[in-house]
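Asks: This structure is in structure tokens; I'll ask about it shortly.
The values are calculated or read from the model by the stated rules, or taken from the named source; none is laboratory data. The shown structure was predicted, so the numbers you read here are calculated from the model rather than taken from an experiment. Every residue, glycine among them, receives a Cβ derived from its backbone with ideal geometry; neighbour counts consider all protein chains shown. Each accessible area value is taken on the protein alone, full model and side chains, heavy atoms only, with ligands, DNA and RNA left out. Shrake-Rupley method; radii C 1.70, N 1.55, O 1.52, S 1.80 Å.
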Amino acid sequence: MDEIKSKFRDLIQKQQNRNIKIPAMGFSEYFIQNLSSPIETPTTTTKISKLPTDRRLPDQEILDATEEIYFQENVNCGEYELKKFNSTTLDYGTVEQAMIVLKQQHKVVSKKVLQNILEQRTACNDEFSQINETEKILNDSLVVCRSARSYLNFAKKNLTTTSLEILATYKKRETLQGLLETLHTIKKVRSYESQLQQLLNDGNYSGAISILLECKNLAENYSQYHCVEALSLKLQDTIMLTELQLDNVLNEMTQTFDTKKYSKLQEAYKMLGKTMIAMDQLHMNFISAIHTSAFTVLRQNTETNSDEKQKMLFEQMCENVPAEKYITCLIELCKFFWSILVCYYQVTMWHQNIQLFGKTDEPNDEYIQQKFKNGQSRIWNDIQSKICVYLSSSKLHTLKYEQFIQVLSVVQRLKKVGIEFCGENSLNLLDSMKVQSVAFFRRYHAASLEEICLFLDNEAWMPINSFSSVLQLQEFRSVKKSLQRYLNAAETGEKVTPTLSTNVNKKPTENGDLDNESSTHSQDGSSVYGSCGYFYRFSEKSSPFDGGFDEAMLEEDILAGIADESSCYFSEESEEEQLDSMSNRISIKESCNSTNTSVIVNNSSLNVLRCIGRYLQMCRLLHSISGQIIASMTELIDFYTFVVHDVFGNDLPVPKENLYTERLLNNLSRISQDVVPKVKTWPPPFSMIQMELCNTESSYGLVQRIVGVESSISLVQQFNQLRNYMEHLLPPNDRLALLDFLDTTTEYINDLRKPIFMCVTARAIDLQNVLTSMAKVKWDVNHVNVEHSSYVDNLNRGVQSFQMRLSEINGVVQVPATAVWDSLAHVLTHTLVEGYANAKKCSAGGRALMQLDFAYFMSILELMSNCKFPHHRTYVDAYIKAFYMPKDLMEEWIVEQKQRREYSNKQLISLISGTCVNDKKTRQKLLAIVENTVICGSPS
């Protein structure tokens, strides 16, 4: 206890010395008080001299004057003081004085220390009380320790060797159980190899990956065993082989998509942490599948040996596909590409559904969706580029029309697939097809002209009575419903609104499919997620490219970027419309007959209509070149019209003046310059018809001439029925040319009748005999007999005979009676005027006789023909009555007739000579008018 107290005092002293440093001096206060004043010596230090002994300094100054060395530990203060004195200054007085100072400083310092101790007395007492409590606690602890040691000694004495053996055995058992569990785990890991292969074969990829990951973790936990270390290396190889097998299965998804298998694949990749890598690999597999499929199909359809096939580029292989296999190869390509697109579509929909129903917590969903969105365009562009290269091969130009239509059908469906798949308009594909279509159509049009020329050369010019409308022709089947709509609308005056081929904004039915009348486009026309067309109707096992490809299946313009009204596709008729289709055809036929014009066609004109039907179909499919196609249609009609005129209008026995209208001459000249040079085989011999045109028994081929002329007119009429529909097909800039052609042709085509029929009517009656008979009549009589002249009887007999001949011909072909009789009336009235002009002397009685003869003749002619001829009656009457005109009116009439050119100069001169017999001046004046007019403005 005393020892503890002494240590505690030392502790307090140390705490106080932190602030006040006590010099290491050994003098007591007693010596300080009893010391006498020191003897002053001159050798004291400067420090000591500052402490005078005659007065009492303050304690603080003494404390401040104390040197720092006395407050330091482990310092020899005596040696320090001795060093202050040298041999000269070392005397008793100096030492004494130094001792006084030091003692004084020691006293002050001691006093200060005592003061601080007194100030800390309360704290010291408190510290002592705590020490006492600590001592008590230590005593209690000592008691507890002694008690515990006693108990431990007791337990040690009472424990037996058996108890220790039990504990040792238990510990050994626990160790052995741990070892046995480790052995079982290692054995289980080794048995996973066969189980892993079985899971992979069963398609349980997630289970296999789970086992592999579990084995990997176990191998890391037991890596201290050599066998496990070797197994870990083998396990790493197994994981790599498993990933390779997963990639192979993932590659199979590009050809055949399996929802369950793909779900397991995604789960396996997710467990491996390679979902993004799997997406990148999947897109690479799709791109690779496109290229592999394209080369595979082309190798199967080329005829070169295997070694050359391996060295060929894709473009070279396309050129080596035989023409007979061209369409088959194209369809196979589209089928392979379709299976790839369907798989990609199904994969996209799988991820879309997973995200939609929230069945995934994958953090990379946004990346995956963006990947598929970008991948759609890339995959479609690869497919599009392959098809474009294939279509650009030279074999496409060698196809026939039906084969080219099949190609258009395939491309059309492929274009729809592209719109449904990724919203792409397939501009590259359409541009490539446009170039090929233009080249093909030029060649096809040239071949069509040659074909029509061949038909015309071998034409028998006999009518086909079973024809009534173009809707009967097979070539118009694909546009039949559209034409019926337009024709019915033209009759009722209503406007036709086409039904678009796309199903934009059209909602699905309850069964999830669109109405059967709808087309196969998507709802929004741009995304696979809104598609309700081909991707819902077909799968990878069936495709839109199965079955036939003909014109009936073509629905719209394949070159249009998007489907709009220019596609010109009308939706299928409802059941009620189908039931009324027959009545529509009847109404069309009645509308045609209502114009009092029968539909007369022959083999050649029917072939022209078939060509127009094919052209119209191509125009509907190739909207971008519709102007060129329709212009080619007009060339077919122009060429047919020109050939009809060239065959039947070149043997005219009378002058051509006043027979050809100016518009007819202009158009014949235009056709001769623009269309005819395109026919390489022109002119053909037309040997079959030339003999018939010279045969008097057949009325100089009147039946053939009627068929030729009327078939031309019917051809224009049938083409005119397509007017509204073709306007709809054409871009606005090209419609004016079509309307101008239709209006011009409709106007001049009827003018073709007169010169052609005149070739027959001018030979129907012996005109020379009539003129000879008229020359024998005396026209200078003073009185008119009741009886008409004899030449009129000859004319009437000729008219009666012609009427009987027309009745016979009418049983073969419907005769355009008005046009034929008008032609006969024209030639006969002009013959009468010519005969009247030949009269050298003519009196007023002679003029009356002329009127009598003409009136009787016209009455018989109108009775036989059942027609009226006011123009021809006026033509003869005006010439006869001009004899009675006054001189001033005669002059005006001569000028007017010269402008109208109805009468020849000979006829006018004869008239002037007969009326101005006694008036030489007037006669010369009028003759001068005729001659001047002839010089200044004579007709060519």
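Asks: Identify the residues of the stretch 80-98 with backbone N under 13 Å of a label point that sits 7 angstrom from the Cα of residue 57 along the Cα-to-Cβ direction, or state none.
Replies: What the label zone holds, given the 13 Å backbone N cut-off, is 98.
Asks: A follow-up question, please. Determine the sum of side-chain charges near residue 793: Lys and Arg each +1, Asp and Glu each -1, restricted to other residues whose C-beta is under 12 angstrom from that of residue 793.
Replies: -1
Asks: Of the cross-linked pairs 83/112; 261/541; 416/481, which ones have a Cα-Cα span greater than 25 Å in the structure shown?
Replies: Pairs exceeding the cut-off: 83/112.
Asks: Between residue 877 and residue 797, what's the calculated FRET efficiency when r is the beta-carbon distance and R0 is 41 Å? Round to 0.05.
Replies: My answer for the efficiency is 0.95.
Asks: Keeping the other protein chains in place, figure out the carbon and sulfur percent of the accessible area of the stretch 768-880, with a 1.4 Å probe.
Replies: 52
Asks: Rolling a 1.4 angstrom probe over the protein heavy atoms, how many square angstrom per residue are accessible across the stretch 816-938?
Replies: Value returned for the stretch 816-938: 48 Å² of accessible area per residue.
Asks: Ok, one more. If the chain between residue 766 and residue 838 were fully stretched, how many nm would it gain, using 0.36 nm times the residue separation less the Cα-Cα distance?
Replies: Taking residue 766 through residue 838 to full extension adds about 24.2 nm, to one decimal.
Asks: Nearest 0.05, what FRET efficiency do residue 737 and residue 439 give at R0 = 25 Å with Cβ-Cβ as r?
Replies: Efficiency computed from Cβ-Cβ geometry: 0.65.
Asks: Kindly report the accessible area of the stretch 326-432 per residue (heavy atoms of protein chains, probe 1.4 Å, no ligands, DNA or RNA), in Å².
Replies: Ligands and nucleic acids excluded, the figure is 37 Å² per residue.
Asks: Among the listed pairs 325/680; 778/925; 335/415; 776/920; 136/156, which are separated by more than 21 Å between their Cα atoms?
Replies: Long pairs (Cα-Cα over 21 Å): 325/680; 778/925; 776/920; 136/156.
Asks: With each label point set 7 Å from Cα along the Cα-Cβ vector, what nm distance links residue 818 and residue 284?
Replies: 8.1
Asks: Suppose R0 equals 60 Å. What FRET efficiency, 1/(1 + (r/R0)^6) with r the Cβ-Cβ distance, do residue 370 and residue 474 give to the nearest 0.05?
Replies: Working from the Cβ atoms, E equals 0.75.
Asks: Please compute the modelled spin-label separation between residue 261 and residue 183, points set 7 Å along Cα→Cβ, answer in nm with one decimal.
Replies: 4.4
Asks: Just the number, please: carbon plus sulfur as a percent of the accessible area of the stretch 323-409, 1.4 Å probe, no ligands or DNA/RNA counted.
Replies: 50
Asks: So which GluC sites (Glu not before Pro) in the stretch 653-756 pass both tests, a DSSP loop state and at most 15 other Cβ atoms within 10 Å of the Cβ?
Replies: Here the sparse-neighbourhood loop sites are 657, 697.
Asks: Something else about it: Can you give the accessible area per residue of the stretch 65-113, in Å², using a 1.4 Å probe?
Replies: 55
Asks: If you count, for each residue, the other Cβ atoms within 10 Å and average over each peptide, how do 262-268, 400-406 line up from highest to lowest?
Replies: Put in order of decreasing packing, that is 262-268, 400-406.
Asks: Still on this structure: Contour minus end-to-end for residue 932 and residue 163, with contour as 0.36 nm per residue of separation and end-to-end as the Cα-Cα distance?
Replies: 260.6 nm
Asks: So, by mean Cβ neighbours within 10 angstrom, what's the order for 867-880, 71-84 with the highest one leading?
Replies: 867-880, 71-84
Asks: Taking all protein chains in place and a 1.4 Å probe, what share, in percent, of the accessible surface of the stretch 647-708 do carbon and sulfur account for?
Replies: About 52 percent, which is the carbon plus sulfur part of the accessible surface.
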